[in-house]
Amino acid sequence: MIEEDGDRAERVAGGGLLHRRALLAAAMVSAGGMAADAAASPASMLKPGAPLSGYGARAGSTAAIQRIVPRLSFPGTGSSRTPLQALEGTITPRGLHFERHHNGVPDIDPATHELLIHGLVRQPLLFRYEDMLRYPRHSRILFIECSGNSSTIGAPEPVQASAGQINGLLSCAEWIGVRLSTLLDEAGIAPQAKWVQAEGADAAAMTRSIPLSLCLDDAMIALFQNGEPLMPAQGFPMRLVLPGIEGNASIKWLRRLKLMATPAFSREETAKYTDLRADGLADLFSLRMGVKSIILRPSFGLDLNATGYQEISGLAWTGRGRIRKVEVSADGGASWAEAALDGPILPGALTRFRMPWRWDGTTAILMSRATDQTGAVQPRRSAWIAKYGVGQGYHNNAVQSWAVDARGQVTHVYA
């Protein structure tokens, strides 16, 4: 345990927040304590282990880490969420990546699947899956976030649910595929082309209009996720991936790209996925995700069992490049201290932050706010509500707050 006198010297904000170097001090103390317990041989050393297997399996004790799947009125339509509070680091395992489906997961044979590029192009082109595999590979670690993620933070009263239930329409993976600009260059872009309509091969025929500038920036046709071919629920055999853009636009099971002079104004970009404002107007094509952070530990369902040294840990991300800093408050925003960021800090990816904290057993309100490389700062909930009003369900990047009471119980609060 860190000495109390040392805590006084290391405090950087109210509520018991400590300097980031306290993380190292606590790790050194913990390592020294473990050395005395290492003498006895554990049961696992007394008999041979399991044989080799064709595909790896998780440890039995971790089998409870599952996606959060709600009860659905219509099978195949809805979403399942990543249990963010149960994970570490920034890369989401393929089997825990969140899912959002509008009419189920199609069963597609890659031998017959084709991608058509047409519209305002010099020559329409048709690509088979095996054609895509011949192109140079492009790799990026990128988050994908549903624009409806964290929508319950706009509810009139705070919802008592885990960090994953509230914010789990968010995942991060290594995506590998072909740059979209390479294929568009082959097709030849007409001067009047300004938009691209992307369509999926699912039963919903999911369709979105995307500015051509985004497609020529760093968009890709992803074929692999975390080193393996895409899973069916993530768009196998190919999907669109748009860095920093709302997840609904990264069309899965991609079958068609039509270049156009104007957006199509389809159902998914008019009746859905638009931001209603408090002034009665609506923001259309507000595609880029805002700067955001969430505290995962402690959080609802992960209560504190004892006073003393704790680590506050969470994730930050932005649709505009890299995270520059994350600040944490333990006193409801009265004072803030800068957290440590785990590297590498990549553009368009999740960033893990950590903050040492000495909890003294009194009530605390924990908050985090992120700042990205453009200088954009995550807004307080009151500022977000003033712009969009209560109940707006898209692009909610407001600061989230957790209250810790004297028993160590954590609840979701508005502060």
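The values are calculated or read from the model by the stated rules, or taken from the named source; none is laboratory data. A quick note: this is a predicted structure, and the numbers were derived from the prediction, not measured. Neighbour counts run over all protein chains shown; Cβ positions are idealised from the backbone, glycine included. All accessible areas refer to the heavy atoms of the entire protein, side chains included, with ligands and DNA or RNA removed. Shrake-Rupley method; radii C 1.70, N 1.55, O 1.52, S 1.80 Å.
Determine, yes or no, whether Pro237 is over 26 Å from Pro344 (Cβ atoms) and buried (at least 21 other Cβ atoms within 10 Å of the Cβ). Spelling it out, Pro237 is indeed over 26 Å from Pro344 (Cβ atoms) and buried (at least 21 other Cβ atoms within 10 Å of the Cβ).
I'm told Phe265 meets every condition in (1) at pLDDT 95 or above; (2) over 19 Å from Arg381 (Cβ atoms); (3) aromatic (Phe, Trp, Tyr); (4) surrounded by fewer than 21 Cβ atoms within 10 Å (Cβ to Cβ) except one. Can you identify the failing condition by its number? Single failed check for Phe265: (1). Mind checking whether some residue in the stretch 238-255 is in contact with a Gly (Cβ under 6 Å, 6 or more places away or on another chain), modelled with pLDDT of 90 or more, closer than 13 Å to Leu214 by Cα and aliphatic (A, V, I, L, M)? Looking through the stretch 238-255, none of the residues is in contact with a Gly (Cβ under 6 Å, 6 or more places away or on another chain), modelled with pLDDT of 90 or more, closer than 13 Å to Leu214 by Cα and aliphatic (A, V, I, L, M). Considered as a group, the residues in the stretch 84-118 that are closer than 26 Å to Gly343 by Cβ and hydroxyl-bearing (Ser, Thr, Tyr) include one that is most open to solvent (accessible area, probe 1.4 Å), and that residue is Thr90.
Enumerate the pairs (first residue in the stretch 104-116 and β-branched (Val, Ile, Thr); second residue anywhere and open to solvent by 30 Å² or more (accessible area, probe 1.4 Å) and at pLDDT 95 or above) with beta-carbon separation below 7 Å, excluding pairs fewer than 6 apart on the same chain, so at least 6 apart or on different chains. Final answer for the pair search is Val105/Pro232; Ile108/Ala201; Ile108/Phe236.
Among the residues making up the stretch 69-83, those that are open to solvent by 50 Å² or more (accessible area, probe 1.4 Å), farther than 16 Å from Ser171 by Cα and in contact (Cβ under 8 Å) with a residue 12 or more places away in the chain are Pro75, Thr77. For the stretch 378-414, taking the residues that are aliphatic (A, V, I, L, M), touching a residue at least 24 places away in the same chain (Cβ under 8 Å) and farther than 26 Å from Glu10 by Cα, the one that is least open to solvent (accessible area, probe 1.4 Å) is identified as Ala398. Within the stretch 124-156, the set of residues being open to solvent by 20 Å² or more (accessible area, probe 1.4 Å) and of a type in the set (D, E, K, R) comprises Arg128, Glu130, Asp131, Arg134, Arg137, Arg140. In the stretch 132-140, the count of residues that are modelled with pLDDT under 95 and touching a helix residue (DSSP H, G or I) at 6+ places or on another chain (Cβ under 8 Å) is zero.
Of the listed requirements (1) modelled with pLDDT of 95 or more; (2) over 18 Å from Ile91 (Cβ atoms), Ala278 misses just one: (1).
Selection of strands (runs of 3 or more DSSP E) fully inside the stretch 172-253 by the criterion of at least 1 residues being of a type in the set (D, E, K, R) and touching a residue at least 12 places away in the same chain (Cβ under 8 Å) returns 195-200, 207-211, 239-241. Restricting attention to the stretch 248-260, does a residue exist that is open to solvent by 60 Å² or more (accessible area, probe 1.4 Å), at negative phi and more than 18 Å from the chain's Cα centre (by Cα)? Yes, some residue in the stretch 248-260 is open to solvent by 60 Å² or more (accessible area, probe 1.4 Å), at negative phi and more than 18 Å from the chain's Cα centre (by Cα).
Could you say which residue among Val196, Val159, Val178, Val121 is in contact with a helix residue (DSSP H, G or I) (Cβ under 6 Å, 6 or more places away or on another chain) and surrounded by fewer than 14 Cβ atoms within 10 Å (Cβ to Cβ)? After applying the criteria, what remains is Val159. Ile385 passes every criterion in (1) closer than 24 Å to Val413 by Cβ; (2) modelled with pLDDT under 95; (3) assigned to a loop (DSSP other than H, G, I, E, B); (4) hydrophobic (A, V, I, L, M, F, W, C) apart from (3). Sub-7 Å Cβ pairs linking a first residue in the stretch 365-376 that is under 22 Å from Ala13 (Cα atoms) to a second residue that is part of a loop (DSSP other than H, G, I, E, B) and at pLDDT below 95, at least 6 apart or interchain, are Ile365/Ala415; Met367/Ala415, ordered by first then second residue.
Among the residues of the stretch 322-336, is any farther than 19 Å from Leu18 by Cβ and either surrounded by fewer than 20 Cβ atoms within 10 Å (Cβ to Cβ) or at pLDDT below 95 (or both)? For the stretch 322-336, residues farther than 19 Å from Leu18 by Cβ and either surrounded by fewer than 20 Cβ atoms within 10 Å (Cβ to Cβ) or at pLDDT below 95 (or both): present.
Here are Gly375, Gly361: which of them is modelled with pLDDT of 95 or more and open to solvent by less than 30 Å² (accessible area, probe 1.4 Å)?
Working: Gly375 fails: open to solvent by less than 30 Å² (accessible area, probe 1.4 Å).
From the options Gly375, Gly361, the qualifying one is Gly361.
Return yes when Leu257 is in contact with a helix residue (DSSP H, G or I) (Cβ under 9 Å, 6 or more places away or on another chain) and of a type in the set (A, V, I, L, M, F, W, C) and no when it is not. When the stated conditions are applied, Leu257 passes them.
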